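The values are calculated or read from the model by the stated rules, or taken from the named source; none is laboratory data. Quick caveat, the model's predicted, so the values are computed rather than measured. When we count neighbours, we look across all protein chains shown, and the Cβ atoms used for this are built from the backbone with ideal geometry, even at glycine.
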Amino acid sequence: MRGESLSGPPPRRPGIRDVAREARVAISTVSKVLSGRGEVSPALRARVLASAAELGYQPNYLAQSLRSGATNLIGLVTADLGTQFSAALTAGIEGQLRSAGYALLVMSSADDPVADAANIRYLHSRRVDAIILAPSREDDPGTLTALAEFDGPVVAVESELRGLLPVDGVCADHFAGAASATDYLVALGHRRIAALTGPLGRRSGRERLAGMLSAMSLVGAAEAAIPVPTAHDVEAGELATLQLLDRPRRPTALLAGSTLLLEGALRAFARRSVEVGSELSLVAWDDGPLPQLFKPPIAVVDRDVLGLGRAAAGLAMSRLGDTGPRDEGPPRIEVRPTTFIPRASCATPTASQGSPVSRSAPDVPRPDRQRRPTSSRT
């Protein structure tokens, strides 16, 4: 029958007592070494690990969970696992958790709020200790209801899930990034600046819009700004850019608020035979192979996505008491800095484009020109 060996019952799996006997140490010492919690000398730790490896010991996570009430599992729900952002975010979270003895259970929602809620409930059923969430929308009632049913720590990434829910947040400073990029374009002589912001249902989209408008307001050009909220995908970026290019007076510069929106914008430029830099200046978000290798190289507002992931994992673990006393403080949002990197995709507009012309490229905006602090806790 299935599950039975023809030669008799399967051999007993070695347990923690066997490891202790082999290493000639107390069971409590083995527990400290295998859990990664507790003070053990390096020599003793090496001896225990060598004995566990020799015996082929595998921890029984179910038994550990029943004893401690914790699974050492953290759940991650991301809107689209196929993006450069989600891949880097996951890597940052997982690297931080692995070193602390946690495993990561990842679920993708394909930008569907209904899937967000279903994934949150599934993670709850798996008894994860905490949930890290990069949601499709911040205001979706189903997502908020599912989070309210979860009784562990929740950390939102690039989103603000405030209100009645005790949710922490980790975000990049998109306001300062968009303001710095717009400052640079304005100093070059641009006034008709368009921005593919991404969804305004996410904090990142709202902050990009606010940063651009703030910078243009300083030179009295806010009315010339062309904000374009979009869905977060290539097709939306291409359609929005085509509509901008077909205007009687097209913008002279464009901010593309994500790698997907950048790809859509470049497709539209190719369809309309628009040359980046010489005919229209371009700024993207998140540095990587595409902006670096494109001709001309594309200026970017760069955020440390790996750092965002590590910070989100750190917040979750502090709430769980992994790094010290359990953090019972009020919800907070940690805002991490962005960096504007100017490149040849940004150039002085020509007189035929109908914008003021400056004689030389400006200096990169200094940090003290940022409109908001690069980090805060609230």
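Key figures
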{"quantity": "Sole residue being among the charged types (D, E, K, R), closer than 29 Å to Arg137 by Cβ and in a helix (DSSP H, G or I), chosen from Glu223, Glu207", "calculated": "Glu207"}
{"quantity": "Extreme residue, modelled with the highest pLDDT, among residues of the stretch 53-82 that are among the hydroxyl-bearing types (Ser, Thr, Tyr) and outside any loop (DSSP other than H, G, I, E, B)", "calculated": "Thr78"}
{"quantity": "Positions within the stretch 209-259 being under 22 Å from the mean Cα position of the chain (by Cα), within 25 Å of Leu81 (Cβ to Cβ), crowded, with 19+ Cβ neighbours inside 10 Å and free of Cβ contacts under 8 Å to residues at least 60 places away in the same chain, in sequence order", "calculated": "Thr230, Ala236, Gly237"}
{"quantity": "Hits in the stretch 292-302 - residues which are within 19 Å of the chain's Cα centre (by Cα) and either closer than 20 Å to Glu235 by Cβ or crowded, with 20+ Cβ neighbours inside 10 Å (or both)", "calculated": "Val300, Val301"}
{"quantity": "Unmet requirement for Arg249, which otherwise passes all of (1) among the basic types (Lys, Arg); (2) within 30 Å of Pro113 (Cβ to Cβ); (3) not in a helix (DSSP H, G or I)", "calculated": "(2)"}
{"quantity": "Subset of the stretch 260-278 (residues that are of a type in the set (S, T, N, Q) and touching a residue at least 24 places away in the same chain (Cβ under 8 Å))", "calculated": "Ser278"}
{"quantity": "Answer residue from the stretch 260-284, given it is assigned to a helix (DSSP H, G or I) and basic (Lys, Arg) and is surrounded by the most Cβ atoms within 10 Å (Cβ to Cβ) among those", "calculated": "Arg267"}
{"quantity": "Gly201, sole failed condition from (1) among the small types (Gly, Ala, Ser); (2) assigned by TED's automatic domain parsing to the domain that holds Ser258; (3) under 23 Å from Thr90 (Cα atoms); (4) crowded, with 21+ Cβ neighbours inside 10 Å", "calculated": "(4)"}
{"quantity": "Members of the stretch 114-158 found to be more than 21 Å from Arg319 (Cα to Cα) and of a type in the set (D, E, K, R), listed by number", "calculated": "Asp116, Arg137, Glu138, Asp139, Asp140"}
{"quantity": "Candidates Val276, Val305 - the one that is of a type in the set (Val, Ile, Thr) and within 25 Å of the chain's Cα centre (by Cα)", "calculated": "Val305"}
{"quantity": "Qualifying residue in the stretch 193-207 (condition: at pLDDT 95 or above and over 30 Å from Leu161 (Cβ atoms))", "calculated": "yes"}
{"quantity": "Output for the stretch 192-202, where each listed residue is under 16 Å from Ala134 (Cα atoms), touching a residue at least 40 places away in the same chain (Cβ under 8 Å) and either touching a strand residue (DSSP E or B) at 6+ places or on another chain (Cβ under 8 Å) or not small (Gly, Ala, Ser) (or both)", "calculated": "Gly198, Pro199, Arg202"}
{"quantity": "Test: Arg326 is at pLDDT below 85 and either part of a loop (DSSP other than H, G, I, E, B) or among the basic types (Lys, Arg) (or both)", "calculated": "yes"}
{"quantity": "Condition check for Ala50: surrounded by fewer than 14 Cβ atoms within 10 Å (Cβ to Cβ) and either assigned by TED's automatic domain parsing to the domain that holds Arg98 or modelled with pLDDT of 70 or more (or both)", "calculated": "yes"}
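Here is a yes/no grid of residues against (1) more than 18 Å from Thr78 (Cβ to Cβ); (2) surrounded by 21 or more Cβ atoms within 10 Å (Cβ to Cβ):
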position: Leu133; (1), (2): no, yes
position: Thr145; (1), (2): yes, no
position: Glu149; (1), (2): yes, no
position: Ser159; (1), (2): no, yes
position: Leu185; (1), (2): yes, yes
